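Visitor: Below is a structure I'd like to ask you about.
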Amino acid sequence: LALVEDVIPRSTKQGNPLIDVIYLVTDEELKKRMNMGKITVRNSIFLDIDDSGAIAIGPNKNVKLGKLRDALRQNQSGKPWSPAMMKGAGPITIKVTQRPDDNDPEIIYNDVARVIAVS
């Protein structure tokens, strides 16, 4: 289980816009098993932008963002929305996978593979 702790807009060196979603894991059992008082996981989501500079809406646009908004129950048509509204939202279930760095297998990256609404 996790909450959205923060949402940080940024862009790549090439100018591609994205947001870093920082999840705060709230699973007490997991924190005990990992011997950590606070567990956070970052998920970088690239954004599709329309000609006006706004977040694009429509088929095949911002699919990952749409899945996160669905899990947070923030994807209602006709309701105003901004990425900042995700801050503090949840709980949701996140699935975290791990992968080694291509150049140094001792460096392990955490990736958020899936987000799911909590019923």
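The values are calculated or read from the model by the stated rules, or taken from the named source; none is laboratory data. Just so it is clear, the structure is predicted and the values come from calculations on it, not from any experiment. In this analysis, Cβ positions are derived from the backbone assuming ideal geometry, glycine residues included, and neighbour counts consider all displayed protein chains. Keep in mind that these areas ignore ligands, DNA and RNA; they rest on the heavy atoms of the full protein, side chains included. Shrake-Rupley method; radii C 1.70, N 1.55, O 1.52, S 1.80 Å.
Condition check ((1) among the hydrophobic types (A, V, I, L, M, F, W, C); (2) modelled with pLDDT under 95; (3) on the phi > 0 side of the Ramachandran plot) across all residues:
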{"site": "R33", "(1), (2), (3)": "no, yes, no"}
{"site": "K38", "(1), (2), (3)": "no, no, no"}
{"site": "I45", "(1), (2), (3)": "yes, no, no"}
{"site": "A54", "(1), (2), (3)": "yes, yes, no"}
{"site": "G58", "(1), (2), (3)": "no, yes, yes"}
{"site": "W81", "(1), (2), (3)": "yes, yes, no"}
{"site": "P91", "(1), (2), (3)": "no, no, no"}
{"site": "V112", "(1), (2), (3)": "yes, no, no"}
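Visitor: Of all residues in region 4-23, which are farther than 15 Å from N62 by Cα and open to solvent by 60 Å² or more (accessible area, probe 1.4 Å)?
Guide: Result: E5, I8, R10, S11, K13, Q14.
Visitor: Can you list residue pairs whose Cβ atoms sit under 8 Å apart, with the first residue in region 10-34 being in a loop (DSSP other than H, G, I, E, B) and the second being at pLDDT 95 or above and loosely packed, with under 11 Cβ neighbours inside 10 Å? Count only pairs 6 or more apart in sequence or on different chains.
Guide: Correct list of pairs: empty, since none qualify.
Visitor: Please work out which residue is nearest to V4 (Cα to Cα), limiting yourself to region 17-74 and to residues that are within 17 Å of the chain's Cα centre (by Cα) and hydroxyl-bearing (S, T, Y).
Guide: Ranking the qualifying residues of region 17-74, first place goes to Y23.
Visitor: Return only the number of the condition from (1) at pLDDT below 95; (2) not in a loop (DSSP other than H, G, I, E, B) that L65 does not satisfy.
Guide: With (1) at pLDDT below 95; (2) not in a loop (DSSP other than H, G, I, E, B) applied to L65, the lone miss is (1).
Visitor: Among the listed residues K95, K79, which satisfies the condition of being more than 14 Å from L18 (Cα to Cα), assigned to a strand (DSSP E or B), open to solvent by 70 Å² or more (accessible area, probe 1.4 Å) and not aliphatic (A, V, I, L, M)?
Guide: When all the criteria are applied, what remains is K95.
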